[in-house]
Amino acid sequence: MNRTKDSSTSLRIAIQKSGRLTDKTIDLLHGIGIEFDNYKRNLMVKTRNFDVELLLLRDDDIPEYVQDGICDLGFVGANEVFEKDADVTVLRGLNYGRCRLSIAAPENGSLQNVSDFEGKTIATSYPFLTNKYFKEHGVNVNLVEISGAVEITPQLKVADAISDLVSTGGTLIANGLKELFSILDSETKLIKTNKELSPGKQKLVEKFLVRIDGYQQAKKSRYIMMNAPASKIDRIKEIIPSMKSPTIVPLAESDMVAIHTVIPYDKFWLVMEELKSAGASDIVMLPIESMIF
Ligand code: PRT
Ligand code: ZN
């Protein structure tokens, strides 16, 4: 059923139109039950079942759109939020789009420590953060602002070093550079405008956050089921780092039970061997769509 929406009470959310954050942000929005299509073709997308409209933007523009209240919320890298020094509230860290802003210099060069950078020229797309970092360390540097292909600038003698985003480090190596130190760890953040929201919008933000938290918690958790001798229940309960007491169901075979519980994903592989040694068998692990508390 389609509901008529009043756009003044719809939450407007900024997401990256096309880039490294787009797919994971779209997956997250679909994962929390928000339905929409055609985001590849349109700049503004109405959602079908939640009072949300999406604005598809370049990631650089998102902090300012949220700061100015044109959008109520935004999904964007911490690197952009802090580079723009945006007056917004970071509501959640979302654990994707991870990277770091690092200083890198030619592999065989003499630059090693922060103090070696006195009077040097650094090329970057992040002048605010880079300048702040060196200022805090009492080192004077010259910055050359470049919007892309920063890694090539030392070879072109445009700069002595660079300040750029790194994830695997492959691009630096391919350009004969070594990462010296990181000045910011980044991940995608959910940000909110500091402009006042109507009570209706504020309520929607809270509903939205409940869904995000449920989705995030589910991503980190797995539902596990196993069979075990009833006599081993206490031992198995000791091993399972469960959130709550497990569900225990008697099996047709006497003295055997099925044990169901939810555990943190990263713990599963650590405890699996122990569970087997304690007598558990037929262990099944399933993903969880969402968890609402
Ligand atoms: O068009 P639009 O302005 O929206 O996109 P964009 O081209 O500016 O950004 P995009 O899509 O490349 O990146 C969006 C966001 O992804 C960034 O702002 C970061 O928050 C995050 N992110 C995560 C990264 C990286 N990892 C990353 N590795 N952004 C860029 N890189 C680049 C980096 O600049 C370097 O050129 O990838 C290269 C290095 O990668 P590695 O793996 O070789 O180290
Ligand atoms: Zn960008």
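The values are calculated or read from the model by the stated rules, or taken from the named source; none is laboratory data. Note that the structure is a prediction, hence the values are computed from the model and not measured. Please note: Cβ atoms are built from the backbone with ideal geometry, for glycine as well, and neighbour counts cover all protein chains shown. Side chains are part of the model used for accessible areas, which takes the heavy atoms of the whole protein and leaves out ligands, DNA and RNA. Shrake-Rupley method; radii C 1.70, N 1.55, O 1.52, S 1.80 Å.
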Entirely in region 27-124, the strands (runs of 3 or more DSSP E) that have 2 or more residues that are within 27 Å of residue 202 (Cα to Cα) and touching a helix residue (DSSP H, G or I) at 6+ places or on another chain (Cβ under 8 Å): 52-57, 73-77, 88-93
Residue match in region 114-130 (condition: over 30 Å from residue 216 (Cβ atoms), within 25 Å of the chain's Cα centre (by Cα) and either open to solvent by less than 20 Å² (accessible area, probe 1.4 Å) or in the same structural domain as residue 64 (by TED's automatic domain parsing) (or both)): yes
Close pairs from region 52-75: first more than 13 Å from ligand 1 (Cβ to nearest atom), partner acidic (Asp, Glu), Cβ under 6 Å, at least 6 apart: 67/87
Subset tally (residues that are in contact (Cβ under 8 Å) with a residue 24 or more places away in the chain and either closer than 14 Å to residue 221 by Cβ or open to solvent by 40 Å² or more (accessible area, probe 1.4 Å) (or both)) for region 257-293: 24
Near pairs, Cβ below 7 angstrom, 6+ apart or cross-chain, from region 1-29 (modelled with pLDDT of 95 or more and within 10 Å of ligand 1 (Cβ to nearest atom)) to any residue that is open to solvent by 60 Å² or more (accessible area, probe 1.4 Å) and outside any strand (DSSP E or B): 17/58
Qualifying position, being at pLDDT below 95 and open to solvent by 10 Å² or more (accessible area, probe 1.4 Å), among 93, 33: 33
Residues of region 161-216 that turn out to be small (Gly, Ala, Ser), surrounded by fewer than 17 Cβ atoms within 10 Å (Cβ to Cβ) and either within 9 Å of ligand 1 (Cβ to nearest atom) or within 22 Å of the chain's Cα centre (by Cα) (or both), as a count: 5
For residue 97: the one exception among (1) more than 13 Å from the chain's Cα centre (by Cα); (2) within 22 Å of residue 180 (Cα to Cα): (1)
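To keep it simple, each residue is scored yes or no on (1) touching a His at 6+ places or on another chain (Cβ under 9 Å); (2) within 16 Å of ligand 2 (Cβ to nearest atom); (3) among the hydroxyl-bearing types (Ser, Thr, Tyr).
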| site | (1), (2), (3) |
| --- | --- |
| 22 | no, yes, yes |
| 27 | no, no, no |
| 35 | no, no, no |
| 53 | no, no, no |
| 75 | no, yes, no |
| 78 | no, yes, no |
| 105 | no, no, no |
